[in-house]
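Right, one structure below, let's go through it.
Values quoted throughout were computed directly from the atomic coordinates according to the rules given, and no laboratory measurement underlies them. Note that the coordinates shown come from a computational prediction; the quantities given were computed from them, not determined experimentally. Counting neighbours? That spans all protein chains shown, and the Cβs are built from the backbone with ideal geometry, glycine included.
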């Protein structure tokens, strides 16, 4: 190495050392640290966390929410949030598949309007797999049903969708009700059963609880012996039970039954253990344009907003507002497994239902 080369290296090392020292010294200054690494609202902590979120949210003015919840129900949550914080929420409501498609399509086109996504777990997992969500911290997480939280997921459960059966109380006596899934194969239920057209995830859950071969064989046997009326839509199915057109439905959503009962309809839940559930989740968009408002809304949705949802017959995930029967034996659908096996269960479900004797 020549003397010139050695001298140049010495000057570079000396300059690098001085620059590193200056950076280290400046980094300990609070003002400089904040300028270099702005605090992320998704990870605010400390006693002033909410105050900081409110200040930032009011500067941002609003947030954009994509949700598959019933419009009336989510609008009630939004109204309560806006009243409390003075921050507007712009809602785009669509079905779960619509929200998945819109979120992914916009992102691939370089458009990042959405701040918060709230939709069924199957779709929110798919959105996360596109790297469109970021994890967020909230103290409210400690109040959520432990079983409803998927470890490592960047989103949190906002609602439970609970599968229940239902029966018409004018047509079926409580003493005669099936107590086990096996009881549904009894010939006395011939011509009296109904099921929703797309609930292949329910079949996977039943097969998982009974053993796959046994569960699938049982479902085939029930359909072969007694037949089953196939209808599209859980709301429709609930109304058909209430009207008496379908005496017993195997799959209805729990939140569809309560409003009909309050209105005086002759309908009651049929909870054959285990009762299966899956979640709707709420996630923070990775490229959220209004991050303070978004995190503030997520906090509200998972706390005070849970009471609003419960008042509109949704099943909250926050245990402080949980109204499910204490003796309900709830089992959670393995959503990641279903996503991996959905084609199998969709085909199996349709094959069994379409091939039944008319």
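Tabulated values for the structure
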| quantity | calculated |
| --- | --- |
| Extended-chain gain in nm, criterion 0.36 nm per residue less alpha-carbon gap, residue 43 and residue 356 | 107.3 nm |
| Burial order of peptide ranges 108-118, 156-166 (average beta-carbon count within 10 Å, highest first) | 156-166, 108-118 |
| FRET efficiency, residue 72 to residue 188 (Cβ-Cβ, R0 30 Å, nearest 0.05) | 0.15 |
| Segment residue 243-residue 146, length gained on full extension (0.36 nm per residue, minus Cα span) | 31.2 nm |
| Sorted peptide list for 283-296, 254-267, criterion being average Cβ within 10 angstrom, highest first | 283-296, 254-267 |
| With Cα atoms, 0 to 90° folded angle of helix 291-301 axis to the chain main axis | 30 |
| C-alpha long axis of helix 96-108 to longest principal axis of the chain, angle in ° | 20 |
| In degrees, nearest ten, helix 49-60 long axis to first principal axis of the chain (Cα) | 90 |
| Rg [Å, one decimal], Dmax [Å, integer] - region 201-343, C-alpha atoms | 18.2, 57 |
| Euclidean distance of C-alpha centroids, region 298-329 and region 255-293, integer Å | 9 |
| Distance between region 132-161 and region 86-125 - C-alpha centres, whole angstrom | 17 |
| Tail fraction, Cα-Cα pairs, region 88-154, threshold 18 Å, whole percent | 43 |
| Under 19 Å from the residue 347 label point (7 Å along Cα→beta-carbon), backbone N, region 225-262 | none |
| Rounded, prolate or oblate (a/c below 1.5 giving rounded, otherwise prolate when a/b exceeds b/c) for the chain by Cα gyration tensor | prolate |
| Ellipticity estimate at 222 nm from DSSP helix runs (n ≥ 4, -39,500 (n - 2.57)) divided over the chain, nearest 500 | -14500 deg cm²/dmol |
